[in-house]
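Each remark here refers to the structure printed beneath this line.
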Amino acid sequence: MKFQNLLLLFIIVITLISCSKKDEKISLIKEDNLEMQMIEAYNEGIKEFNKGDIFFAAKKFNEVELLYPQSLWAPRSTLMAAYAYYSQLYFNDAIFELERFLDKYKNHPNTDYAYYLLGVCHYNQIVNEKKDLGEIVKAKEYFTLLVKEFPKTDFAEDAKFKLELIQEILASKELYLANYYFEREKWIPAMNRYKKIVNEYDTTIFIEEALYRLVELNYRLGLVDEAKKYTSLLGYNYQSSEWYERSYNILNVNYKKTEIKKDLKNQKSLLKKFKELFQ
């Protein structure tokens, strides 16, 4: 009887071990199949992307992430899905994938690329600087972050260029609003807008007109000393400018131009910077 019980116990143990080995083998087979499915899905995504079917391509890239989320291919696939959408100008879909990537794969080696593409997606949606302020602000935010966190990358170099153009766009918006208030004789909001251009967008092409408008506005309000101050500032930096000539004509005949010795090296550097903005 004891022998029968011992034999039964032995059979149960052997059966359990056998089942355990069988389960382990099945698990390995499943994992191998999963990896193969992942590779197949990724390759299919690339194939469809090259064909131009970006929606099916993005679907296959997302499938890679679902099949094997812990693999190296998962974050790459998310970026590929984002790029697929971006390539056909589906910016909102691309933004969704990129934001998901940044949230899910923190400190990934391609984080700089994700921020750059996010900035470009918002930047490319700027159609009218008077209406698309949200897109302008978002683009500026991502490009600024990229320059700050990843300053030595190629993406940062292009981001700096785009940030300069964004400054131009923001300055043009401020000038549009300032002139709107000026034409309606709303002097205080107009003056505040012109001063904002002078204080925050002094490297843009709109600085000259803003300074001239401050001359004109202050003179109209009887603030002649203030008008002279802005004329001097305009003359010091842009003496050959049409806006300086116009500001000089606003003032009475007793107000004379002042010849100012300028740093020619600085002037050439500034002109070069302006030129580079449009190359």
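Since every read-out is calculated from the coordinates, none of them should be taken as a lab result. Source: prediction; values computed, not measured. Please note: Cβ atoms are built from the backbone with ideal geometry, for glycine as well, and neighbour counts cover all protein chains shown.
Structure above, values below:
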{"quantity": "Residue pairs, from the table K186/K229; K152/K196; K104/K148; K60/K152; K106/K138; K47/K160, whose Cα atoms sit over 24 Å apart", "calculated": "K152/K196; K60/K152; K47/K160"}
{"quantity": "Computed lengthening from N192 to Y176, 0.36 nm per intervening residue step minus Cα-Cα distance", "calculated": "4.5 nm"}
{"quantity": "Neighbourhood charge, 12 Å Cβ-Cβ cut-off, centred on V215 and excluding it, Lys, Arg +1 and Asp, Glu -1", "calculated": "-1"}
{"quantity": "Residue-by-residue Karplus 3J(HN,Hα) for the range 112-122, coefficients 6.51, -1.76, 1.60, Hz, glycine and proline x", "calculated": "4, 5, 4, 5, 4, 5, 4, x, 5, 4, 6"}
{"quantity": "Trypsin sites (Lys or Arg not before Pro) restricted to the range 100-146 and DSSP loop, no more than 14 other C-beta within 10 Å", "calculated": "K106, K130, K131"}
{"quantity": "Karplus-derived HN-Hα couplings along the range 188-200 (A = 6.51, B = -1.76, C = 1.60, θ = phi - 60°), whole Hz, x at Gly and Pro", "calculated": "5, x, 5, 4, 4, 5, 5, 5, 5, 4, 5, 7, 10"}
{"quantity": "Distance between modelled label sites at S240 and Q37, nm, 7 Å Cα→Cβ extension", "calculated": "7.0"}
{"quantity": "Amide H partners (placed H, <5 Å) of H108, local residues excluded", "calculated": "none"}
